[in-house]
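Asks: Following this message is one structure expressed as structure tokens.
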Amino acid sequence: MHTIGVVVTVYNLQDYVEECVNSILNQEYDNLDIVIVDDGSTDNSPEICDRIAKYDKRVKVIHQSNQGPIVARLNGANALRTQYISFVDGDDWIKTELYSDIVKSGYLGKADIIDFGIIRYHSENDMRNDNGIFKAGLYEKNKMIKEIIPKMLWYKSSYGLDPSICSKIIKRELFIAQIKAIKDLKIHYGEDAAVIYPMVLNAQNIAIIGRCYYFHRQRKNNVLPGYISDCYYYDKVYKLYSYLRDVFSISQYKEQLIKQLDYFYIASVRLGKIRYGDLAFEEDYMFPFNRVPQGSNIILYGAGRVGQTFYRQLQKLDYCKVVGWIDKNPQIYDKYKIHSPEYIEDLDYDAVIVAIDSKQTSENVKNDLCNWGVDNDKIVLL
């Protein structure tokens, strides 16, 4: 019996699924069982999946009517007989050394859950590593209770332990027991959270690898996720909240967990504002009014959440004139007129506002700007 199984879920991903599956087939560690679950695709995905399976005996394909990711993952897990199970969404991919590094770590057979980091992929020039907040190592139950459970669902302004199933390798029976518990929970937003956090409570230990292996493809900035555009978004958010509250209410860690869940729920409700063209977390960032004189000609560097928040604040107050807005990946922001960084050479400005909340990334941008000839005194970091 193979130790590790991989479930790939696919729904209308004809442009990506072959790259995804090839990243699994080309792993340095190849002793894998692989199940592709075609969840009722109406494009060419089913044919592509069948063609891949024809040429590699490790691959099995399940075709089913469209039933959503929860049922697709459950059916994929049921089709495997491996000790551990992992997941890759059909539009994402993984580094070739993922499973070999997991085997070398020595955690297989010891840990109930093995967690690793995610690479948020916008383009070849814009990738962000997300390793979470926990240090690498094996957390036995007592250490989990002290260090992970108190901040796994919410810590400061986000989750402590990434809820993504795709950044975990999990003992198969532990996973199946939990996903069966939610198979009738009709949600899309937060289905991973409904699996991961209750499962952590039932685990005896968890291993944190502390390195990033999973490439998560990011959608264009102006493209709403399906779960946000769903007219029943708020109903489903409340359904998720109610389910987790019921689970947490009977836990001995109830007080810590309910507080985290409430913060998670508040953030999820705010997130729904983006369907109306509003910013979900506008109040989280404030333009540095105290460091930029009124009436200045400024350049905004960064068109993500922070940059969009600053732009909206300046529009409302007519405080400064934005003579240019630049970003390394202007092509993903169709809603605004964003330029690539070299555009800065053609502009006359008093200050460049680096609208990025990562301190390290901001410092890197500052170094780039200085190398392009921007006066250090004109650069404003958060």
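Asks: What accessible area per residue comes out for the stretch 50-151, rounded to a whole number of Å², with a 1.4 Å probe?
Replies: Solvent-accessible surface per residue comes out at 48 Å².
Asks: Treating only the Cα positions of the stretch 82-167 as identical point scatterers, give the base-10 log of I(q)/I(0) from the Debye formula at each q in 0.16, 0.19, 0.25, 0.26 Å⁻¹.
Replies: Each listed q corresponds, in turn, to -0.77, -1.06, -1.48, -1.51.
Asks: If I take every Cα pair under 8 Å that is 6 or more residues apart in the stretch 135-207, average their sequence separation and divide by the length, what percent do I get for the relative contact order?
Replies: It rounds to 46 percent for the stretch 135-207.
Asks: In percent, what relative contact order does the chain have, based on Cα pairs under 8 Å that are 6 or more apart in sequence?
Replies: Once normalised by length, the contact order is 14 percent.
Asks: Follow-up. Return the aspartates and glutamates within reach of Lys236: Cα separation strictly under 19 angstrom, same-chain partners fewer than 8 residues apart disregarded; answer none if there are no such residues.
Replies: Within the straight-line limit of under 19 Å, Lys236 reaches these aspartates and glutamates: Asp184, Glu191, Asp192, Asp246, Asp262.
Asks: Is the stretch 1-84 rounded, prolate or oblate when judged by the Cα gyration tensor, a ≥ b ≥ c being the square roots of its eigenvalues, rounded requiring a/c under 1.5 and prolate requiring a/b larger than b/c?
Replies: Taking the square roots of the gyration eigenvalues as a ≥ b ≥ c, the stretch 1-84 is oblate.
Asks: Further, regarding this structure: Quantify, in whole percent, the carbon and sulfur part of the accessible surface of the chain (1.4 Å probe; protein heavy atoms only).
Replies: Taking all protein chains in place, the chain shows 46 percent carbon and sulfur surface.
Asks: Going by average Cβ neighbours within 10 Å, how do the peptides 180-186, 166-172 rank, with the highest at the top?
Replies: 166-172, 180-186
Asks: Could you do me a favour and compute the accessible area per residue for the stretch 153-218, 1.4 Å probe, result in Å²?
Replies: That works out to 35 Å² for each residue.
Asks: Shape verdict for the stretch 311-354, please, from the Cα gyration tensor: rounded (a/c under 1.5), prolate (a/b greater than b/c) or oblate.
Replies: Because a/c hits 1.5 or more and a/b fails to exceed b/c, the stretch 311-354 counts as oblate.
Asks: Report, in deg cm²/dmol and to the nearest 500, the calculated mean residue ellipticity at 222 nm for the chain, where each DSSP H run with n ≥ 4 adds -39500 (n - 2.57) and the sum is divided by the residue count.
Replies: -10000 deg cm²/dmol
Asks: A follow-up question, please. Please calculate the 1.4 Å probe accessible area of Ile208, with all protein chains present, and give it to the nearest 10 Å².
Replies: The accessible area of Ile208 comes to roughly 0 Å².
Asks: Determine the order of Ser158, Ser41 by accessible area, beginning with the largest, at a probe radius of 1.4 Å.
Replies: Ser158, Ser41
Asks: Also, I was wondering about something else. Quick check: from the Cα gyration tensor, does the stretch 189-251 come out rounded (a/c under 1.5), prolate or oblate?
Replies: It is oblate, given that a/c is not under 1.5 and a/b is not larger than b/c.
Asks: Which value, in Å² rounded to 10, gives the accessible area of His188 with a 1.4 Å probe and all protein chains present?
Replies: His188 exposes around 80 Å² with every protein chain in place.
Asks: Which three numbers, in whole Å and largest first, are the semi-axes of the equivalent ellipsoid of the stretch 121-218 derived from its Cα gyration tensor as √(5λ)?
Replies: Three semi-axes, in Å: 22, 19, 13.
Asks: Ok, one more. Could you please put Tyr243, Tyr233 in sequence from largest to smallest accessible area, using a 1.4 Å probe?
Replies: Tyr243, Tyr233
Asks: Defining a contact as two alpha carbons under 8 Å apart and six or more residues distant in sequence, what relative contact order in percent does the stretch 42-155 show?
Replies: The value is 9 percent.
Asks: Also, quick follow-up: Put Val322, Val17 in order of accessible area, largest first, 1.4 Å probe: what do you get?
Replies: From most accessible down to least: Val322, Val17.
Asks: What is the angle, in °, between the Cα long axis of helix 305-317 and the longest principal axis of the Cα atoms in the chain? Nearest 10 is fine, range 0 to 90.
Replies: 40
Asks: Cut-off under 21 Å on the C-alpha distance; same-chain residues fewer than 8 positions from Lys328 excluded. Which lysines are left, in chain and number order?
Replies: Excluding near neighbours in sequence, the set is Lys220, Lys337, Lys359, Lys366, Lys378.
Asks: Next question. Straight distance only, please: which lysines reach the Cα of Lys143 with their own Cα at less than 21 Å, same-chain residues fewer than 8 apart left out?
Replies: Qualifying lysines at Cα under 21 Å: Lys110, Lys135, Lys151, Lys156, Lys168, Lys171, Lys254, Lys259.
Asks: Quick one: dipole size for the stretch 303-382, taken about the Cα centre, charges +1 on Lys/Arg Cβ and -1 on Asp/Glu Cβ, in debye to the nearest 20.
Replies: 460
The values are calculated or read from the model by the stated rules, or taken from the named source; none is laboratory data. Just so it is clear, the structure is predicted and the values come from calculations on it, not from any experiment. No Cβ is skipped: glycine too gets one built from the backbone with ideal geometry, and neighbour counts run over all protein chains shown. Quick note on the areas: whole protein, heavy atoms, side chains included, nothing else; ligands and nucleic acids left out. Shrake-Rupley method; radii C 1.70, N 1.55, O 1.52, S 1.80 Å.
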